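A quick write-up on the structure given underneath.
The values are calculated or read from the model by the stated rules, or taken from the named source; none is laboratory data. Quick caveat: nothing in here was measured; it's all calculated off a predicted structure. FYI the Cβ positions are ideal-geometry reconstructions off the backbone, even for glycines, and counts take in every protein chain you see.
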Amino acid sequence: MVLSLWRYSHLVLAISSALFLIIASITGIILAFEPISNSIQPYVVNNLHEISLGETIQTLKNEYDEVLEFEVTPSDFVIASVITKDGESQTGYIDPITGKILGEVKERAPIFSFTTNLHRSLFLKSIGRFFIGLVSLLLCLIAVTGLLVLAQRQGGFLKLYTKVQERNFNQRYHVILGRWLLYPILILAITGVYLSAEKFSLLPESDLQHHWDVDGTENKPSLDLIDFPIFKQTSLNEVRKITFPFSEDTEDYYEVALLDKELFIHQYNGAVVSELTYPFVRVASQLSFRLHTGQGSVLWSLVLLVASMSILFFIYSGIAMTLKRSKKSKSEKPIVSQGKDASEYILLVGSETGNTYTFARAVHRSLVQQGKTVFMSSLNEYSTYKKATHLLIFTATYGDGDAPTNARNFEKLVAKITPITPLKFAVVGFGSSIYPKYCRFAIRVDALLHKNPMYQPVMPLHKIDDQSEDSFQHWVHDWNTHTEMSLQASIRQNKKKLHSFTVVEKTDLNKDDTFILQLKSAKRVPFQSGDLVAITPENETKARQYSVAKIDKKIVLSVKKHDQGKCSSYMSTLELGNKISGTLEKNTKFHFPKHARSIICIANGTGIAPFLGMIEENTKQIPMHIFWGGRTEESFAMYEKFMRRALSRKRIKSYKNAYSREGNQQYVQDVLATKRALIAEVLTTGGAIMICGSLAMQYQVLELLEQVSNEELKRPLIYFEKNQQLFMDCY
Ligand SMILES: Cc1cc2nc3c(=O)[nH]c(=O)nc-3n(C[C@H](O)[C@H](O)[C@H](O)COP(=O)(O)O)c2cc1C
């Protein structure tokens with residue numbers, strides 16, 4: 001709720017000022033080059049701090065008939081107005097050591113004058129200045145709300161600079177650049193507001209009124225100019241401007257403007273006749289000017305240049321993210337998820353391949369529409385909930401009546417955690433009646449909750465066979481009867497685009513009835529290794545999904561022909577040039593983890609397919625280790641050429657196989673058990689572990705990883721899973 005409030009404010013502020021911000025940023029980029037170009041002018045005095053004010057005044061007095069004034073600009077130029085010994089009046093850049101005029105004062109380059117006008121006032125004078133001031137203020141608010149969104153996302157201000165989880169380019173770099181460039185942008189915005197406020201006289205008066213006491217300074221002995229203590233002590237880098245005495249009258253003084261104060265100096269004895277420190281408003285104004293323009297510091301102007309460019313990127317990536325979100329929300333109405341302690345309804349999901357989430361989301365959305373506060377997460381994240389009244393559990397069953405991976409800790413958690421208040425609960429089991437242990441895990445969960453009086457059943461356990469919409473509607477109806485609610489939840493059927501693919505390569509079936517199939521799409525279809533292709537055989541309604549590899553723009557599948565498998569049998573009959581149709585699905589949770597420091601890929605059987613493509617993606621040569629389990633060495637033969645090629649191109653560091661029907665008769669988890677140190681190192685150094693293949697293998701491997709994690713790293717595996725270091729796609 002808070003996150004969406006800040007994000008919404010951030011978005012509204014950014015949209016309302018985007019056009020002005022684009023103009024201000026582009027002009028800001030151009031203006032950042034002015035201090036840089038000034039710094040390479042021949043008039044720049046690099047050693048102002050080594051030259052005393054007295055030296056320069058004395059030199060100028062010797063060199064010229066009369067000196068009217070000189071100033072030191074923010075770009076470290078010294079400009080003097082003098083009357084030469086020939087009686088000529090000149091204003092020019094001078095060398096403060098020799099007093100010689102180096103050149104005439106040049107007009108500002110037209111590009112910078114033009115751009116400054118546009119940047120400050122959009123050529124609209126006061127109205128324009130007002131708008132730009134307002135936009136600066138909005139930019140401050142955008143930066144602050146951005147910081148709040150960032151802190152919320154990262155899990156608090158202390159975690160602001162921890163690893164960024166986002167994988168989408170725009171989202172990732174909006175966060176990464178945002179958390180560093182926030183500060184210069186905030187400085188640009190605050191100083192912009194300040195300079196605008198000054199222009200509109202919104203700041204307190206800061207004019208100085210000198211008052212001096214003639215008698216107190218008149219009687220001091222005369223001194224040579226160069227010996228005036230104040231001139232001796234002050235170096236040129238502290239000076240802004242010196243106005244020389246108008247006449248030889250003792251009451252005409254040197255008027256010295258330093259960075260922080262103004263002084264009147266007696267022209268014969270060097271006494272300080274009057275000294276006034278600038279009020280804060282004036283000092284802040286000078287500082288704002290320097291910070292906003294970068295004048296006088298090439299390094300800071302470079303920072304401002306990057307900050308201005310980054311604003312353009314933030315606008316672009318912000319728009320891209322918003323469009324993406326709104327596109328998503330058009331196909332699926334947004335679900336407002338409340339915090340776990342702010343919700344009455346807790347909806348916990350156990351799912352392996354995501355289907356159960358589709359049902360849970362439909363119920364979530366409907367509960368929200370009924371005005372309920374809802375928190376949805378996985379069964380593994382079961383916790384206490386301060387305001388909860390209802391606990392809804394939607395879970396699938398896998399393996400031998402086991403929990404899906406994201407629910408495997410639930411039973412242990414229930415034993416440990418006592419609810420704060422009694423919870424009314426309902427369990428919905430998702431399964432398939434072709435399995436002997438139909439919905440067995442849901443049955444276990446339901447029984448477990450029944451045993452504890454802190455959980456009170458709303459209705460009996462409901463089982464849904466094969467994701468049946470009809471059965472789901474029955475449950476919705478029953479729920480409404482028991483709770484006197486009127487939920488209307490239905491699962492939207494996603495109409496996926498059907499593509500036509502041509503078979504371009506196919507291996508013969510090997511001893512295990514496995515083959516590799518390579519397909520090409522007539523049209524350009526964007527996909528990545530790890531995505532899924534769903535093929536529906538002719539005269540069938542149910543599609544079969546395969547994890548794909550992308551190699552040379554082709555879809556590469558590894559298929560095992562099952563005796564009873566309609567889809568795999570159909571695919572095994574395909575010949576070169578045949579066409580098949582199917583849909584492609586993004587599977588972002590199982591893409592190549594290009595930001596990982598090192599990668600372990602674990603597969604058995606045809607589960608190796610996505611990794612064959614991912615090794616092609618590893619152009620940065622991230623250390624990658626492949627572990628594969630199959631029956632015999634011959635089973636591996638069809639994948640070997642991919643591995644050898646990857647090894648020779650340094651796309652993988654190693655590959656190791658386990659054969660269950662040959663040699664030591666090992667499974668992949670047995671080979672992994674000899675690599676505990678490698679696993680521990682990959683997990684501790686921000687590496688990723690990916691698992692693809694059968695669920696039975698996944699369970700065994702997870703057991704081993706859990707052991708290594710607990711014993712070697714003293715942390716449960718879920719820690720690394722939450723840190724997005726563990727990726728699984730098993731079936
Ligand atoms: C390998 C595998 C094993 C399964 N084992 C069972 C089972 O033992 N009992 C059961 O009722 N359903 C079983 N199912 C069916 C799933 O639970 C069911 O398809 C469920 O809707 C999947 O939900 P999910 O996509 O959220 O993971 C199994 C499915 C697969 C693919």
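Worth a mention:
- Counting only residues that are part of a loop (DSSP other than H, G, I, E, B) and touching a residue at least 40 places away in the same chain (Cβ under 8 Å), the stretch 259-280 holds 6 of them.
- Which listed residue, of I311, I315, is more than 16 Å from the ligand (Cβ to nearest atom), crowded, with 20+ Cβ neighbours inside 10 Å and either within 22 Å of the chain's Cα centre (by Cα) or modelled with pLDDT of 85 or more (or both): I311
- Here A14 clears all of (1) crowded, with 16+ Cβ neighbours inside 10 Å; (2) out of contact with any Gly (no Cβ under 6 Å at 6 or more places or on another chain) except the condition numbered (2).
- The set of residues from the stretch 106-120 being free of Cβ contacts under 8 Å to residues at least 40 places away in the same chain and closer than 25 Å to L181 by Cα comprises just one member, R120.
- Scanning the stretch 557-582 for residues that are buried (at least 18 other Cβ atoms within 10 Å of the Cβ) and closer than 23 Å to G354 by Cβ yields L557, S558, V559, C567, S568, G582.
- The condition (being in contact with a strand residue (DSSP E or B) (Cβ under 9 Å, 6 or more places away or on another chain) and part of a helix (DSSP H, G or I)) is satisfied by just one residue among V256, V283, V306: V283.
- Residue that is nearest to the chain's Cα centre (by Cα) [pool: residues in the stretch 417-433 that are surrounded by fewer than 16 Cβ atoms within 10 Å (Cβ to Cβ) and away from the ligand (no atom under 14 Å from the Cβ)]: I417
- Among the residues of the stretch 388-416, those that are among the polar types (S, T, N, Q) and either under 24 Å from Y719 (Cβ atoms) or buried (at least 22 other Cβ atoms within 10 Å of the Cβ) (or both) comprise T395, T397, T405, N406, N409.
- The single condition among (1) β-branched (V, I, T); (2) farther than 30 Å from E575 by Cβ; (3) exposed (fewer than 15 other Cβ atoms within 10 Å of the Cβ); (4) away from the ligand (no atom under 16 Å from the Cβ) that T507 does not satisfy is (2).
- K523 vs. criteria crowded, with 17+ Cβ neighbours inside 10 Å and not assigned by TED's automatic domain parsing to the domain that holds Q369: no
- In the stretch 486-499, of all residues being surrounded by 14 or more Cβ atoms within 10 Å (Cβ to Cβ) and of a type in the set (A, V, I, L, M, F, W, C), the one that is modelled with the highest pLDDT corresponds to L487.
- Every test in (1) part of a loop (DSSP other than H, G, I, E, B); (2) in contact with a Lys or Arg (Cβ under 8 Å, 6 or more places away or on another chain); (3) more than 8 Å from the ligand (Cβ to nearest atom) is passed by M459 save one, and that test is (2).
- For T619, the test of being among the β-branched types (V, I, T) and surrounded by fewer than 16 Cβ atoms within 10 Å (Cβ to Cβ) is passed.
- Enumerated helices (runs of 4 or more DSSP H) restricted to the stretch 622-731, each holding at least 3 residues that are closer than 27 Å to A403 by Cα: 668-672, 676-684, 695-713, 717-722
- The numbered conditions (1) more than 38 Å from the chain's Cα centre (by Cα); (2) of a type in the set (V, I, T); (3) surrounded by 18 or more Cβ atoms within 10 Å (Cβ to Cβ) are all true for T502 except (3).
- In the stretch 371-380, residue nearest to P716 (Cα to Cα) [restricted to those that are away from the ligand (no atom under 16 Å from the Cβ) and either assigned to a loop (DSSP other than H, G, I, E, B) or not aromatic (F, W, Y) (or both)]: V374
- Residue check for I464: more than 8 Å from the ligand (Cβ to nearest atom) and β-branched (V, I, T): no
- Residue in the stretch 78-85 that is farther than 20 Å from F246 by Cα and modelled with pLDDT of 95 or more present: yes
- Selection of the stretch 175-205 for residues being among the hydroxyl-bearing types (S, T, Y) and either without any contact (Cβ under 8 Å) to a residue 40 or more places away in the chain or not assigned by TED's automatic domain parsing to the domain that holds G318 (or both) yields Y183, S201.
- The set of residues from the stretch 567-618 being assigned to a helix (DSSP H, G or I) and acidic (D, E) comprises E616, E617.
- Condition broken by P436, with the remaining ones in (1) part of a strand (DSSP E or B); (2) loosely packed, with under 14 Cβ neighbours inside 10 Å satisfied: (1)
- Residue in the stretch 352-370 that is away from the ligand (no atom under 13 Å from the Cβ), in a loop (DSSP other than H, G, I, E, B), at pLDDT below 95 and out of contact with any helix residue (DSSP H, G or I) (no Cβ under 6 Å at 6 or more places or on another chain) present: yes
- Residue within the stretch 689-707 that is closer than 16 Å to I622 by Cβ, buried (at least 19 other Cβ atoms within 10 Å of the Cβ) and either of a type in the set (A, V, I, L, M) or away from the ligand (no atom under 15 Å from the Cβ) (or both) present: yes
- Near pairs, Cβ below 7 angstrom, 6+ apart or cross-chain, from the stretch 389-409 (in the same structural domain as F425 (by TED's automatic domain parsing) and more than 6 Å from the ligand (Cβ to nearest atom)) to any residue that is acidic (D, E) and part of a loop (DSSP other than H, G, I, E, B): T389/E344; H390/E344; T405/E352
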